[in-house]
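Data first, discussion second: the structure below is written as structure tokens.
The values are calculated or read from the model by the stated rules, or taken from the named source; none is laboratory data. Please read all numbers here as calculations on a predicted model, not as lab measurements. Glycine gets a Cβ as well: all are built from the backbone with ideal geometry, and neighbour counts include every protein chain shown.
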Amino acid sequence: MTSGWTGRTVLGTIAALTCVLALASCTATDGGVGAGGDVRAEPPLPAGAGAPSSEPKPPSTDCGDPTAQSSRPTQALPSPGQMPTGSTMARIHASGKLVVGVDQNTYQFGYRDPFTGEIEGFDIDMARAIAQAIFGNPNSIQLKILTSGQRIPALQAGDVDIVIRTMSITCDRLQDVAFSSVYYEANQRVLVKKNSGYTGIDSLGGKKVCATEGSTSLANIAEAESDPVPIQVQDWTDCLVLLQQNQVDAISTDDTILIGLAAQDPFTEVVGAPVDSEPYGMAMPLAEDDFVQFVNAVLERMRADGSWKSIYDKWLANLIGPAPVPPAARYRN
Amino acid sequence: MSAPATTESAAPDREARTTELTSLARTTPGVLIILTAVLIVVGIVVGIVTALSVQSRSTALDNLQSRSGPLSVAAQDIYRSLSDADATANSAFLSGGLEPTTLRARYEADIAQAESALSVAVAAREPGDLTDGSPLATLSNQLSVYTGIVETARALNHQGLPVGAAYQREASNLMRTQLLPAAQDLYRAETDQVAADQDDAAAFPVVELALGLLALAVLVVAQVYLRRHTNRVFNIGMLVATGAALVSLVWVVAATLGVSANVEDSRDRGSTQVDVLAQARIATLTARADETLTLVARGSGAEFEKHYASTAAHLAGDDGLLRQALSLATDDGVRERIQSAIDSQQAWHEIHQEIRKTDEDGNFTMAVQMVTGTDADGAAAQFDLVDADLRGALETTTRTFTDEVGQASNAITGTVAGVALLAVLMAVGAAVGIWQRLKEYR
């Protein structure tokens, strides 16, 4: 019986060994069951989009009428290429080009024409008129793309000679930069989708409303009595992207910009009464008063000789309607 | 002497049984029976553990061959094609008007390649690995979102609407903040897995050696005992068992040392170089994307230019990635290609400086032409040369890696089965050998 017991054990062991080895050689990982639960689908955001990076501050300075703070031109306009010695214009003339801070995203004001890849628009033609007055050549300009928030820093750092970029004249900004007389009169309004039922800023309480970082529009949204939620982006077209992707409910800014956005999406419309008036000025460094006077003189000539109207007709007439009377120049002196 | 009490009444109580076994253990046949049991158990344990240990090496090699190796290549492909797709989409947009057909075709090919590599990476995973937030989940969820936005941008661009540019920027932002970081994480994880599999496959065979020696020791002790108590010098069964144990030990040690040598080669001549080359290629692609985006941002692209400068320094500095790759290179062909990549990169960098100067001087259209143009001495052509050389070097070193791993895998083929058979042979030999002696006590 010992033999039987031992023999069976050996046989059993061999069987067991073979079995274990067989198992060992097929240690394939077996697939787990069930995928990773709920999958979120979130539309992406444009770079820099989100809640305002700093609390948009209400106007803190009171300068009276901000549109009546520019310098009256004291001299007749010099001929192109004959800038007074030592003036800012002479320095710009010597550098060979006028460096202009502009927008590339505001349809008809400053935008990149997708067909040519060139930046064009009302503001760009205004810049060309200034270049024409300095150099006698409207093409002696270098365009630098600026976001709303970059406009004042770029001027202060001397990166650009002048900013012509749908920039409203405000008392706060007058602390940091000098403005020309008003070259365009805009109104802040609201752009919504046609089927949304919103009628203006008052009906947007608790809803997300988009504007660009550092713009007066963003501050006005934050201040509105209906208490909408301001969302900031870098460029105006980013707002249209967010509206089309249902990430915001409305866009609120100058009607000029909104009309340009609406022209790109026929399912949107501009609604409501003006939230605020937005007088556009060209911004220059505070210290360069001679340049401000020069630009104001150029603007006066443009109002008088019809070139303001022809630029308006070229870019805005088909969107906004027939040209109004150009905004009158008002000065502090 | 006394045989087990099978004739006694069934089910003897525990105490009687214990006494019986204790007395049995004091007799020579009793000891022989216990010895048989011990030898069989040692045979089984040594066989199983050695086989498992060899099996884990073999699994590690299989992984290197069919899983972590190919997956690290797939992860690299995903990164490369996504990065190139984004740079291409941006420069197609930049060139203005209808995008050049070649750029569109390149974008489409990049996306197709990214999707194919991604499906390879996803197929190799368990569903549990695709939890929300993992690199693979991000890649598979967001890639279609990215392509969707790019197509929207293209459709709007075709209508001449500037909002198309905003969609293109949103897509690019998605690529740079989510897809590319996820692809980099995936690549890092797969490369770490390759290193871990190499460690597993190349470890010194401590367990195998110790167990083999233990089995031999037990066999020797058993034979000394047999010789003392039975006065027989040789026992065929026991000799066969000893032979089997010895052959098994030598086989396992020789095979695993061979595997280690091959795996170390796969590291030094393969994966280490592949990793540096892949990083160099990623840096090349990043620099190219930065170059394009600097112009797309037009004026507000200082951040991209800064990023280009740091990436280019990381790539081309004295201890930059390309120099590292050159000093690591073990193959003449690879060395040549890296040297050629270094030259082209330098040429490209010089063109880049010119482009920046042209753009700063206000000649944007000219700068765009220099970035996107297809002249043989343009930035695009030089970038393509660097990329092609790095790709060639990567292909060669990846092949070396695969070959070495393949050799390692061949060296270990059959070892598991051999070790198992030899363990069985050892157990059977020992049992039969002792059984013969035990019979003499009848």
Looking only at the range A:153-183, and only at residues there that are among the β-branched types (Val, Ile, Thr) and closer than 24 Å to residue A:260 by Cα, the one that is surrounded by the fewest Cβ atoms within 10 Å (Cβ to Cβ): A:170
Across the range A:150-178, what is the number of residues that are facing chain B (nearest Cβ under 10 Å) and either free of Cβ contacts under 8 Å to residues at least 60 places away in the same chain or under 13 Å from the mean Cα position of the chain (by Cα) (or both)? 2
Within the range B:94-116, identify whether any single residue is free of Cβ contacts under 8 Å to residues at least 24 places away in the same chain and of a type in the set (Lys, Arg), and answer yes or no. yes
Residues in the range A:228-243: is at least one farther than 24 Å from residue B:168 by Cα and modelled with pLDDT of 90 or more? yes
Could you list, in sequence order, all residues of the range B:63-89 that are among the charged types (D, E, K, R) and at pLDDT 85 or above? B:77, B:80, B:84, B:86
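Go through the range B:401-427 and count every residue that is within 30 Å of residue B:227 (Cβ to Cβ) and without any contact (Cβ under 8 Å) to a residue 12 or more places away in the chain.
Residues flagged as within 30 Å of residue B:227 (Cβ to Cβ) and without any contact (Cβ under 8 Å) to a residue 12 or more places away in the chain within the range B:401-427 amount to 1.
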Unique residue being farther than 29 Å from residue B:62 by Cα and either more than 10 Å from chain A (Cβ to nearest Cβ) or modelled with pLDDT under 85 (or both) when the list is B:130, B:156, B:143: B:143
Residues satisfying the stated conditions in the range B:219-234, i.e. surrounded by 13 or more Cβ atoms within 10 Å (Cβ to Cβ) and over 21 Å from residue B:27 (Cβ atoms): B:219, B:220
I'd like the full set of residues that are modelled with pLDDT of 95 or more and surrounded by fewer than 16 Cβ atoms within 10 Å (Cβ to Cβ), limited to the range A:281-299. none
Scan the range A:307-323 and give yes if some residue there is outside any helix (DSSP H, G or I), more than 25 Å from the chain's Cα centre (by Cα), free of Cβ contacts under 8 Å to residues at least 12 places away in the same chain and closer than 23 Å to residue A:76 by Cα, otherwise no. no
Here's a check for you: in the range A:115-141, which residue that is surrounded by 21 or more Cβ atoms within 10 Å (Cβ to Cβ) and within 9 Å of chain B (Cβ to nearest Cβ) is nearest to the chain's Cα centre (by Cα)? A:119
Pull out all pairs, ordered by first then second residue, where Cβ-Cβ is under 6 Å, the residues are six or more apart or on different chains, the first lies in the range B:164-183 and is more than 7 Å from chain A (Cβ to nearest Cβ) and under 19 Å from residue B:288 (Cα atoms), and the second is acidic (Asp, Glu) and crowded, with 23+ Cβ neighbours inside 10 Å. B:172/B:86; B:175/B:86
When both residues are 6+ apart or on different chains and their Cβ atoms are under 7 Å apart, which pairs have a first residue that lies in the range A:186-213 and is in contact (Cβ under 8 Å) with a residue 60 or more places away in the chain and of a type in the set (Gly, Ala, Ser), and a second that is surrounded by fewer than 24 Cβ atoms within 10 Å (Cβ to Cβ) and part of a strand (DSSP E or B)? A:200/A:271; A:200/A:272; A:200/A:273
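Name the one entry in B:194, B:247, B:253 that is part of a helix (DSSP H, G or I), buried (at least 17 other Cβ atoms within 10 Å of the Cβ) and β-branched (Val, Ile, Thr). Reasoning before the result, please.
Working: B:247 fails: buried (at least 17 other Cβ atoms within 10 Å of the Cβ); B:253 fails: buried (at least 17 other Cβ atoms within 10 Å of the Cβ).
None of the others qualify; the one that does is B:194.
Quick grid of which residues meet (1) in the same structural domain as residue A:176 (by TED's automatic domain parsing); (2) among the aromatic types (Phe, Trp, Tyr); (3) within 20 Å of the chain's Cα centre (by Cα); (4) in a strand (DSSP E or B):
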site: A:198; (1), (2), (3), (4): no, yes, no, no
site: A:206; (1), (2), (3), (4): no, no, no, no
site: A:210; (1), (2), (3), (4): no, no, yes, yes
site: A:222; (1), (2), (3), (4): no, no, yes, no
site: A:226; (1), (2), (3), (4): no, no, no, no
site: A:231; (1), (2), (3), (4): no, no, yes, yes
site: A:240; (1), (2), (3), (4): no, no, yes, no
site: A:243; (1), (2), (3), (4): no, no, yes, no
site: A:246; (1), (2), (3), (4): no, no, yes, no
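To keep it simple, each residue is scored yes or no on (1) in a helix (DSSP H, G or I); (2) at pLDDT 90 or above.
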| position | (1), (2) |
| --- | --- |
| B:318 | no, no |
| B:351 | yes, yes |
| B:362 | no, no |
| B:365 | yes, no |
| B:370 | yes, no |
| B:385 | yes, yes |
| B:399 | yes, no |
Considering only residues that are within 14 Å of chain B (Cβ to nearest Cβ) and not in a helix (DSSP H, G or I), which ones fall in the range A:248-272? A:248, A:251, A:263, A:264, A:265, A:266, A:267, A:268
Between a residue in the range B:231-250 that is more than 20 Å from residue B:207 (Cα to Cα) and any residue that is among the aromatic types (Phe, Trp, Tyr) and surrounded by 14 or more Cβ atoms within 10 Å (Cβ to Cβ), which pairs come within a Cβ distance under 9 Å, given they are 6 or more apart or on different chains? B:237/B:435
For the range A:94-106, what are the residues that are surrounded by fewer than 24 Cβ atoms within 10 Å (Cβ to Cβ) and facing chain B (nearest Cβ under 7 Å)? A:97
Please list, ordered by first then second residue, the pairs with beta carbon atoms under 8 Å, 6 or more apart or interchain, first in the range A:240-261 and without any contact (Cβ under 8 Å) to a residue 60 or more places away in the chain, second buried (at least 24 other Cβ atoms within 10 Å of the Cβ) and of a type in the set (Gly, Ala, Ser). A:240/B:166; A:243/A:250
Quick one: which residue in B:191, B:152 is more than 22 Å from residue B:294 (Cα to Cα), touching a Ser or Thr at 6+ places or on another chain (Cβ under 6 Å) and among the polar types (S, T, N, Q)? B:191
Selected residue [under 22 Å from residue B:142 (Cβ atoms) and within 14 Å of chain A (Cβ to nearest Cβ)] from B:77, B:62, B:86: B:86
If only one of B:64, B:82, B:103 is within 30 Å of residue B:415 (Cβ to Cβ) and either part of a helix (DSSP H, G or I) or touching a Leu at 6+ places or on another chain (Cβ under 9 Å) (or both), which one is it? B:64
So residue B:98 ticks every box in (1) part of a loop (DSSP other than H, G, I, E, B); (2) under 30 Å from residue B:406 (Cα atoms) but one. Which box is left unticked? (2)
Output for the range B:423-433, where each listed residue is surrounded by 24 or more Cβ atoms within 10 Å (Cβ to Cβ) and either touching a strand residue (DSSP E or B) at 6+ places or on another chain (Cβ under 6 Å) or more than 9 Å from chain A (Cβ to nearest Cβ) (or both): B:426, B:429, B:430, B:433
For the range A:284-299, which residues satisfy the criterion of being touching a Ser or Thr at 6+ places or on another chain (Cβ under 8 Å) and of a type in the set (A, V, I, L, M)? A:284, A:292, A:295, A:299
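Here's the yes/no breakdown for (1) under 23 Å from the mean Cα position of the chain (by Cα); (2) of a type in the set (Val, Ile, Thr); (3) more than 14 Å from chain A (Cβ to nearest Cβ):
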{"residue": "B:350", "(1), (2), (3)": "no, no, yes"}
{"residue": "B:371", "(1), (2), (3)": "no, yes, no"}
{"residue": "B:375", "(1), (2), (3)": "no, no, yes"}
{"residue": "B:397", "(1), (2), (3)": "yes, yes, yes"}
